[in-house]
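Structure, as structure tokens:
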Amino acid sequence: MRTGSASWLLVALGLLGGACGGARAGADAARPPAAPEALAALAQGVEAEDEEGALRHFERAVAQDPELWEARYDLGVVLANRGDLERAEQELARAHASAPEAEDVVVALAEVRRRRGEPAGAVEVLEAFVAAQPRALTARTALVAALREVGATDRAITQAREVLVQRPGDARALSELAMAHLDRGEVDAADLLVRQALAAERRTAAAERTAGLVAWRRGEDAVAFRHFQAAAELDPRDATAQLNMGSVLLMAGVYDRAATAFRSVLENEPANVDAALGLAAALRGLGSREDATPYAEAERLLRGVLEAQPRHPEAAFNLGVLYLRNLDRRADAKAYLERAKKNAPSKSETYRRATELLEELR
């Protein structure tokens, strides 16, 4: 794994899309000299053979020189890669405060906030950055994704077009623009854009993933699966591609392969709720009266989600269904279905289905 740079760390977050020079992109060289022992620890972390070794060295570097933002950045990326998103955000926020002009730092910080379910925080930090640095195209492309997540589709389209003005044919920007049009229900426009992204010189996981979503929207499940599989091969840590691939397999009733896809996400992102819900659904399909072990694992997963997010309606609903359909625990099923109905939006599918099952339990 020895590379001589921190690029192997960046791949974990999918951040090597545009800026060059790793965390140092855009960094101001006019800073106080770092403590020599901290620089030595930073270098050892970069040269480490594995994440565990890198983590120890980066922690030692920031302890010896709290102002060494490069070490805080690398530490934050390692922590994010290990699923410790709270600490990762803390370290990346401190790195960003020390080096507000470093593009890779702000992109990493925004990505961690998105993974923590805080896309508005990602939008806030990225909008401020691109306002100060209009030619920071990696940050602007990340802003497109964050804007989409908060429902600001029109603003996302504006930002994506600005990237394409400065960098025509950029596959990531085309993919994000396609996704924005897909959010609007404009499937034909999304299809045209994603074809351009796939025709770019460099294939990207984002383009393949987006092509899969367009095909899925058209009802072409087999085509969608091939694109999701290609995205996962291009970037094995692409959680969205694995989630989508798992969803296609789940709907097809291929529960063992669906479970494998969801597990691969949880290995890299233990707190990923969508993966936990998907795996629980796959395990329900794998269980039986003769072998209830998968049901027990599904129950643990869903209870874990509810411990972290007590008001999560889908987790409560799925646990209620597990109790009702698989474990014959009607009282428990009723309690969790009522909880799901209480916390779900009144016009949501979860609310409707919970209501139906509660009627069945009467």
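The values are calculated or read from the model by the stated rules, or taken from the named source; none is laboratory data. The structure displayed is predicted, hence computed values, not measured ones. As a convention, Cβ positions derive from the backbone with ideal geometry for all residues, glycine included, and neighbour counts pool all protein chains shown.
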The listed residue being touching a helix residue (DSSP H, G or I) at 6+ places or on another chain (Cβ under 7 Å) and under 30 Å from Val77 (Cβ atoms), out of Asp332, Asp235 = Asp235
Is one or more of the residues making up the stretch 228-242 in contact with a Gly (Cβ under 6 Å, 6 or more places away or on another chain) and under 15 Å from Val194 (Cβ atoms)?
-> yes
So which residues in the stretch 139-169 are of a type in the set (Gly, Ala, Ser), out of contact with any Lys or Arg (no Cβ under 8 Å at 6 or more places or on another chain) and either touching a residue at least 12 places away in the same chain (Cβ under 8 Å) or surrounded by 13 or more Cβ atoms within 10 Å (Cβ to Cβ) (or both), if there are any at all?
-> Ala139, Ala142, Ala152, Ala160, Gly169
Those residues of the stretch 124-138 which are part of a helix (DSSP H, G or I) and touching a residue at least 60 places away in the same chain (Cβ under 8 Å) amount to Leu137, Thr138
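Identify, please: which residue in the stretch 312-328 is buried (at least 16 other Cβ atoms within 10 Å of the Cβ) and not in a helix (DSSP H, G or I) and is, among those, modelled with the highest pLDDT? Lay out the reasoning, then the answer.
Of the residues in the stretch 312-328, the ones buried (at least 16 other Cβ atoms within 10 Å of the Cβ) are 312-324, 326-327.
Going one step further and asking which of them are not in a helix (DSSP H, G or I), we end up with 312, 327.
Numbers: His312: 93, Leu327: 97.
Restricting to residues being buried (at least 16 other Cβ atoms within 10 Å of the Cβ) and not in a helix (DSSP H, G or I), the top hit is Leu327.
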Could you pull out the residue among Ala120, Ala61, Ala93 that is at pLDDT 85 or above, small (Gly, Ala, Ser), touching a Leu at 6+ places or on another chain (Cβ under 7 Å) and closer than 29 Å to Val265 by Cα?
-> Ala93
Exactly one of (1) more than 25 Å from Val78 (Cα to Cα); (2) without any contact (Cβ under 8 Å) to a residue 24 or more places away in the chain; (3) assigned to a helix (DSSP H, G or I) is unmet by Gly121. Its number?
-> (1)
Are any of the residues in the stretch 102-111 in contact with a helix residue (DSSP H, G or I) (Cβ under 8 Å, 6 or more places away or on another chain), surrounded by fewer than 17 Cβ atoms within 10 Å (Cβ to Cβ) and not in a helix (DSSP H, G or I)?
-> no
Within the stretch 250-271, tally of residues that are within 22 Å of Pro313 (Cβ to Cβ), surrounded by fewer than 24 Cβ atoms within 10 Å (Cβ to Cβ) and without any contact (Cβ under 8 Å) to a residue 60 or more places away in the chain = 3
Picking from Ala40, Ala61, which residue would you name as being outside any loop (DSSP other than H, G, I, E, B), crowded, with 24+ Cβ neighbours inside 10 Å and free of Cβ contacts under 8 Å to residues at least 60 places away in the same chain?
-> Ala61
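Residue-by-condition table, conditions (1) under 20 Å from Ala239 (Cα atoms); (2) aliphatic (A, V, I, L, M):
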residue: Ala97; (1), (2): no, yes
residue: Ala110; (1), (2): yes, yes
residue: Leu126; (1), (2): no, yes
residue: Leu137; (1), (2): no, yes
residue: Arg140; (1), (2): no, no
residue: Leu147; (1), (2): yes, yes
residue: Arg172; (1), (2): yes, no
Top-ranked residue of the stretch 186-213 - restricted to ones that are of a type in the set (Val, Ile, Thr) and surrounded by fewer than 24 Cβ atoms within 10 Å (Cβ to Cβ), ranked as farthest from Thr153 (Cα to Cα) = Thr204
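Scan the stretch 168-182 for residues that are small (Gly, Ala, Ser) and not in a helix (DSSP H, G or I) and jot them down. Can you show your working first?
Initial filter on the stretch 168-182 (small (Gly, Ala, Ser)): 169, 171, 173, 175, 178, 180.
The answer is Gly169, and nothing else.
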Count, please, the residues in the stretch 183-217 that happen to be polar (S, T, N, Q) and in a helix (DSSP H, G or I).
-> 2
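Of the residues that sit in the stretch 218-234 and are within 19 Å of Gly278 (Cβ to Cβ) and in contact (Cβ under 8 Å) with a residue 24 or more places away in the chain, which one is surrounded by the fewest Cβ atoms within 10 Å (Cβ to Cβ)? First the steps, then the outcome.
Here is the first cut: in the stretch 218-234, the ones within 19 Å of Gly278 (Cβ to Cβ) are 221, 224-225, 227-229, 231-232.
If we keep only those that are in contact (Cβ under 8 Å) with a residue 24 or more places away in the chain too, we end up with 221, 224-225, 231-232.
Numbers: Asp221: 16, Ala224: 23, Phe225: 20, Ala231: 26, Ala232: 23.
Per the stated criteria, the residue is Asp221.
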Ala241 fails exactly one of the following numbered conditions: (1) part of a helix (DSSP H, G or I); (2) modelled with pLDDT under 95; (3) surrounded by fewer than 24 Cβ atoms within 10 Å (Cβ to Cβ). What is the number of that condition?
-> (3)
Restricting the stretch 274-311 to residues that are among the hydroxyl-bearing types (Ser, Thr, Tyr) and either assigned to a helix (DSSP H, G or I) or touching an Asp or Glu at 6+ places or on another chain (Cβ under 6 Å) (or both), the one surrounded by the most Cβ atoms within 10 Å (Cβ to Cβ) turns out to be Tyr295
Would you point out which residue out of Val107, Val77 is within 21 Å of Phe129 (Cα to Cα), among the hydrophobic types (A, V, I, L, M, F, W, C) and modelled with pLDDT of 95 or more?
-> Val107
Keeping to the stretch 86-130, report how many residues are of a type in the set (Val, Ile, Thr) and touching a Phe, Trp or Tyr at 6+ places or on another chain (Cβ under 9 Å).
-> 3
